[in-house]
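Structure, as structure tokens:
Where a number appears in this text, it was derived from the coordinates with a stated rule and is not lab data. No experiment lies behind these values; they were computed from the predicted model shown. A quick note on method: Cβ atoms are made from the backbone with ideal geometry, for glycine too, and the neighbour counts reach across all protein chains shown.
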Amino acid sequence: MHKQIALTGNDAGAEALKDVNPDVAAVFPITPQTELMHKFSSFAHDGVVETELIHVESEHSAQSACFGSAAAGARTITATSSQGLMLMAEICVLTASTRLPVVMPVVNRAISAPINIHCDHSDSMFCRDSGWIQLYCEDTQEVYDTVIQAFRIAEHPDVLLPVMVCLDGFIISHTMEGLEVIGPEATQKFVGPYDPAFSLLNTVDPISIGPLHLAEYYFECRRQMIEAMDNARRVIVEVGQEYGELTGRTYGHLERYRLDDAEVAIVAIGSTCGTAKVAADKMRENGIKAGVLRLRTFRPFPGEEIAEALCGVGAVAVMDRSVSYGLRGGPVFSEIRSFAGADAPPMISYIYGIGGRDVYTRDLEAIFEDLARIGRSGDCGEVYRYLGLRE
């Protein structure tokens, strides 16, 4: 039964996992993810779910346990943040290349050093080419909805890749918002039973996991992953549309906000998109036709859809909450620019919010105003910029 409740982003993720009722969860705490799996652990302890809970000694062990569990044919979850994801990285790559559909909420947090516990996207962006699908949430409702959809996406026979569901640390993970939940009956009917084609426990038709692949076979395995990620483009949209039929909330790769007649636009991922929408509304009141393009999917990268959405916009600011060292501009900016082509509007790269530095509506209003000046003059000035940096 659908009902309205109030939860933090972490608790919304745990609620979604509870409604799915996975077979196995490997758990280890790290700020700001701790409350998510702590809440889910309480569901397991209280018998609300039938999940086998595995307490481990590190994030490397957590992802290793997930690898073994998924290879044995169990629907498997974990969650992490920051240095935890760094410690998992070796096994994350193994999980993807072995085509194991693990679902993992990642509560975005800056990576060390120096130590910082607040939000940026450096942890998940570090793993952007690990073979995991990456979906980014704007708010608590989307955390709940996306975690549920992630199982259908990961387990689809044309995909079979693990999924990171990314939510901004503290900004979403620890902020309470109202949301609608659909409950375990509707969720489990939507997700369906997990019936993997292969399992280590199948003694009748045994398989080997992680065999040696030298030059004769390794290339072909990577090509299969490329095709699976390409297939995920279609599957993400199909699952999002089917979820919309169930809930009224349809999801795809992008969200276009007031873009139809926009002369200037901000492109961003995560919670900043909500702030950008408020700034765009304010700019509209002041006579500037502003819009926002929110990226929900980062892997697979929806480059063609982004280029189409920005067609006709006079000037664009691309916001990155992470840095690609040695490459001028952040990862979102660099990938959009690679798809945009010769007819692309002028684009400015903004690095912002690193280590949790606050970004206010007035900051984004100033960006819109600057984009409007660029649109009038045609002069971009410095293309690579920092927002809120003390020089």
Relative packing of peptides 42-51, 350-359 - highest average C-beta neighbours within 10 Å first: 350-359, 42-51
Listed residues Ile374, Ile269, Ile153, most fluctuating in the chain (Gaussian network, C-alpha, under 10 Å): Ile374
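Among the GluC sites (Glu not before Pro) within the stretch 52-100, which fall in a DSSP loop and have no more than 14 other Cβ atoms within 10 Å of their own Cβ?
Glu57
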Counting only other residues whose beta carbon sits under 14 Å from that of Thr34, what net charge do I get with K and R as +1, D and E as -1? -1
All lysines inside 17 Å of Lys277 as judged from Cα atoms, apart from same-chain residues fewer than 8 positions distant: Lys289
Among Ser81, Tyr144, Phe126, the residue whose Cα sits farthest towards the positive end of the charge dipole of the stretch 3-247, when +1 is placed on the Cβ of each Lys and Arg and -1 on the Cβ of each Asp and Glu, is Phe126
Taking the Cα centre of the stretch 3-247 as origin and charging only Cβ (+1 Lys, Arg; -1 Asp, Glu), how large is the dipole, in debye to the nearest 20? 340
Where chymotrypsin sites (Phe, Trp or Tyr not before Pro) fall in DSSP loop in the stretch 159-247, at most 11 other Cβ within 10 Å: Tyr217
Going by Cα centres, the stretch 82-126 and the stretch 306-347 are how many Å apart? 24
Could you work out how far the C-alpha centroid of the stretch 206-239 sits from that of the stretch 1-32, in angstrom? 29
Viscosity 0.890 mPa s, temperature 25 °C: Stokes-Einstein D of the stretch 254-385 from its Kirkwood Cα radius, in µm² per second? 169
If the cut-off is 28 Å between C-alpha atoms, which lysines fall inside it for Lys189, apart from same-chain ones fewer than 8 positions away? Lys3, Lys18, Lys39
